[in-house]
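Take a look at the structure set out below.
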Amino acid sequence: MPEAQTTSAEEREFQRLIDADQRIEPRDWMPEAYRKTLVRQISQHAHSEIIGMQPEGNWISRAPSLKRKAILMAKVQDEAGHGLYLYSAAQTLGTDRDTMFDQLITGKARYSSIFSYLTPTWADMGSIGWLVDGAAICNQVPLCRVSYGPYGRAMTRICKEESFHQRQGFEILLQLMRGSAAQQRMAKESVDRWYAPALMMFGPPDDESPNSRQSMDWKIKRFSNDDLRQRFVDMLVPQAEVLGITLPDPDLRWNEERGHYDFGELDWSEFHEVLAGRGQANSVRVSRRRRAHEDGAWVREAARAYADAQAAPERIAS
Ligand code: FAQ
């Protein structure tokens, strides 16, 4: 008897494209679990960009100079744009934007843990740029090669802007470190607060990451959470030396044998608390987003009326 056929022609074609490092496009057949994983990751990523506007938006009206205000406004606008590219990429998988927004404003959707931390000082704008955008770049450059076409193309555009974000953050900290003793203290205190949460952005350790294995097989993730975290630490140490800032980890040291920096254990209970909604600012972030969405109802109505008028001008005129 011939051996039972276990995979369909469609499945084999999907696997062939993945194995050949070619892209899966919206009209291609894909396993439901692949589609679901992508929607989960891309929508979380989009929500992070949108919620991530708040910690920095908090400082636009208090930026210390006109130049800093203009740069910060441009950066926050970029984050909005990133969110929109990503929602568009998720929409190509059949999940509409209203559904994703609804999940966000009702607190059902995840967004990155990092945006549930508060920004009490101006130096936090430097730390977000240097550490948060720095971590985002480490994570997102490999995502430009993700197997799903619309996500990869959105990431290429996003990464170009993220490198400007990271440099402006580094430059804020550099200026503060060249300033008065109080400014230096402010920069160091801020880096002390943001360093560990930035390392946690890459997700739980590999042996506690339920999604990594499958996502790597599908070439959605190209590197594991721990590998990316290590890359990030290796990148940060020489930059911290230029800044003259000591990273807050007594176990941080160069390991000649591994060719990497060793670093200390992170407090994963803090990460789980944030994911459970008990971070410094979880409820504030979601309620602000909900209010902004409600306040924007008239814009959506006006846009809809305009689109209707374009589609059927005579009906509106009569
Ligand atoms: N926060 O099995 P894994 C930015 C969840 S950068 C919250 O390892 P996965 C730029 C995870 O969803 C930030 N939740 O999961 C910016 C999963 O839960 P689920 C956004 C987290 O997906 C800068 C569970 O833990 N970047 O926005 C986090 O394989 C400045 C188990 O974890 C991205 O989203 C976390 N940190 O790997 C904007 C990048 N980590 O869904 C404004 C794309 C893990 O099963 C200002 N995403 N979880 O319920 C990814 O690369 C991946 O989704 C990971 C997580 C690496 C985040």
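Here are a few things to note about the model shown:
- Check on Gly179, without any contact (Cβ under 8 Å) to a residue 24 or more places away in the chain and closer than 30 Å to Ala63 by Cβ: yes
- Residues of region 215-225 classified as touching a helix residue (DSSP H, G or I) at 6+ places or on another chain (Cβ under 7 Å) and either surrounded by fewer than 16 Cβ atoms within 10 Å (Cβ to Cβ) or assigned to a helix (DSSP H, G or I) (or both), total: 2
- Residue check, Gly107 closer than 25 Å to Leu72 by Cα, small (Gly, Ala, Ser) and within 15 Å of the ligand (Cβ to nearest atom): no
- All positions within region 180-196 that are open to solvent by less than 10 Å² (accessible area, probe 1.4 Å) and either assigned to a loop (DSSP other than H, G, I, E, B) or closer than 22 Å to Gly279 by Cα (or both): Ser190, Val191, Trp194, Tyr195
- Filter result for Ala20 (in contact with a helix residue (DSSP H, G or I) (Cβ under 7 Å, 6 or more places away or on another chain), away from the ligand (no atom under 13 Å from the Cβ) and more than 16 Å from Met155 (Cα to Cα)): no
- Selection within region 262-286 - assigned to a helix (DSSP H, G or I) and open to solvent by 50 Å² or more (accessible area, probe 1.4 Å): Ser269, Glu270, His272, Glu273, Leu275, Ser283, Val284
- Restricting Lys219, Lys188, Lys160 to residues that are out of contact with any Pro (no Cβ under 8 Å at 6 or more places or on another chain), more than 11 Å from the ligand (Cβ to nearest atom) and at pLDDT below 95 narrows the list to Lys160.
The values are calculated or read from the model by the stated rules, or taken from the named source; none is laboratory data. Quick caveat: nothing in here was measured; it's all calculated off a predicted structure. In this analysis, Cβ positions are derived from the backbone assuming ideal geometry, glycine residues included, and neighbour counts consider all displayed protein chains. What goes into the accessible areas is simple: the full protein's heavy atoms, side chains included, and nothing from ligands, DNA or RNA. Shrake-Rupley method; radii C 1.70, N 1.55, O 1.52, S 1.80 Å.
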